[in-house]
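Heads up: the structure comes next, in structure tokens.
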């Protein structure tokens, strides 16, 4: 699983502080409504709210806790900040009910990712994993070299970079550092995924192209192509017909295209060639360019890259897969042991 954006600063608030504040407010509110001079107290309470709560503080009251992860809180403001780029992307692609459905899915996934991030940071803290100031400075400079627009003096930037480095380090220690890839695993992967390590098939082809002079002359071009195909079946040399009648750029070479690898031709021609043997000719294949007749002059069967040649590549692939599997096990174990309450 990939780590999330480095530009997300955690909002932390001790649950004891929140509870104490809520209790105090509730106590004052009850006294104001039930005391001997309740009416006067109500007006006093309203006035205090108007005086003490600034517009900025009033906006903060709209924030709320959406999840509790052990002793850490996840706030709605955090989720909104993390989701903003994805929401903008979705709004450009979808509308109506489909947009609403995808936004809900993105929210649910966002909460899950934030919970996992909190758990990883807590694991790093429990293991005593620290990121030095020098490491943060070096990371910021490296990101600048890669084109990131960062202000190394901004506390939010340094905090975000430090968090991302912490996430990488704890995963390195708890997951990647435990992964070993044996030769037997690499050989098994090679046997089970041989197609991945195959060279593409190679063809030597010759080609005749008939182009309609304009869209209304497609039937005329079809008639010319059918006549040429019939002449080829009677044994007329392909090269001579290509030289005389082909509209292709290769006509002067007798229609010879030369070496062509699988995947280089347009799909319609690729499909027409798959079942042909050397010396055989396709039927008439229509594309946006015109009408094609292709002959297979030579065909090199598919070959596989030797194991020793791809060993390093396989090791990387197996390591990546095992890391992902181990990460999921590690994360599931942390979730099972944690206190997680979702209020979203």
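The values are calculated or read from the model by the stated rules, or taken from the named source; none is laboratory data. Keep in mind the model is a prediction, meaning the values are calculated, not measured. Reconstructed Cβ throughout: ideal geometry from the backbone, glycine too, with neighbour counts over all protein chains shown.
So residue 192 ticks every box in (1) surrounded by 12 or more Cβ atoms within 10 Å (Cβ to Cβ); (2) not assigned by TED's automatic domain parsing to the domain that holds residue 279 but one. Which box is left unticked?
Failing condition for residue 192: (1).
Please pick out the residue among 65, 115, 74 that is surrounded by fewer than 19 Cβ atoms within 10 Å (Cβ to Cβ), in contact with a strand residue (DSSP E or B) (Cβ under 9 Å, 6 or more places away or on another chain) and farther than 15 Å from residue 164 by Cβ. So that I can check it myself, show each step before the final result.
Details: 115 fails: surrounded by fewer than 19 Cβ atoms within 10 Å (Cβ to Cβ); 74 fails: surrounded by fewer than 19 Cβ atoms within 10 Å (Cβ to Cβ).
None of the others qualify; the one that does is 65.
In the range 304-344, how many residues are assigned to a loop (DSSP other than H, G, I, E, B) and closer than 21 Å to residue 173 by Cβ? Full working, then the answer.
Restricting attention to the range 304-344, the residues satisfying the condition of being assigned to a loop (DSSP other than H, G, I, E, B) are 305-306, 338-339, 343-344.
Filter once more, so that each one left must be closer than 21 Å to residue 173 by Cβ: 338.
Qualifying residue count for the region: 1.
Which condition number does residue 213 fail, the rest of (1) more than 30 Å from residue 305 (Cβ to Cβ); (2) free of Cβ contacts under 8 Å to residues at least 12 places away in the same chain; (3) outside the structural domain of residue 292 (by TED's automatic domain parsing) being met?
Only one criterion in (1) more than 30 Å from residue 305 (Cβ to Cβ); (2) free of Cβ contacts under 8 Å to residues at least 12 places away in the same chain; (3) outside the structural domain of residue 292 (by TED's automatic domain parsing) is unmet by residue 213, namely (3).
If residue 104 satisfies all but one of (1) surrounded by 15 or more Cβ atoms within 10 Å (Cβ to Cβ); (2) at pLDDT 50 or above, what's the number of the condition it fails?
(1)
Only residues that are in a helix (DSSP H, G or I) and under 24 Å from residue 338 (Cα atoms): list them for the range 118-137, please. Steps first, answer last, please.
First pass over the range 118-137, keeping only residues in a helix (DSSP H, G or I): 118-126, 133-137.
Correct list: 118, 119, 120, 121, 122, 123, 124, 125, 126.
I need the full set of residues from the range 138-156 which are touching a residue at least 12 places away in the same chain (Cβ under 8 Å) and part of a loop (DSSP other than H, G, I, E, B), in order please. First the steps, then the outcome.
Step one: filter the range 138-156 for residues touching a residue at least 12 places away in the same chain (Cβ under 8 Å), giving 139-140, 143, 152, 156.
Listed by number, the list holds a single entry, 152.
Quick one: in the range 125-160, which of the residues that are closer than 30 Å to residue 315 by Cα and surrounded by 14 or more Cβ atoms within 10 Å (Cβ to Cβ) is nearest to the chain's Cα centre (by Cα)?
Of everything passing the filter in the range 125-160, 143 is nearest to the chain's Cα centre (by Cα).
Select from the range 74-104 the residues that are assigned to a helix (DSSP H, G or I) and in contact with a helix residue (DSSP H, G or I) (Cβ under 7 Å, 6 or more places away or on another chain) and list them in ascending order.
Of the range 74-104, the ones assigned to a helix (DSSP H, G or I) are 76-93, 96-104.
78, 79, 82, 83, 86, 87, 90, 91, 99, 102, 103 - these are the residues of the range 74-104 that are assigned to a helix (DSSP H, G or I) and in contact with a helix residue (DSSP H, G or I) (Cβ under 7 Å, 6 or more places away or on another chain).
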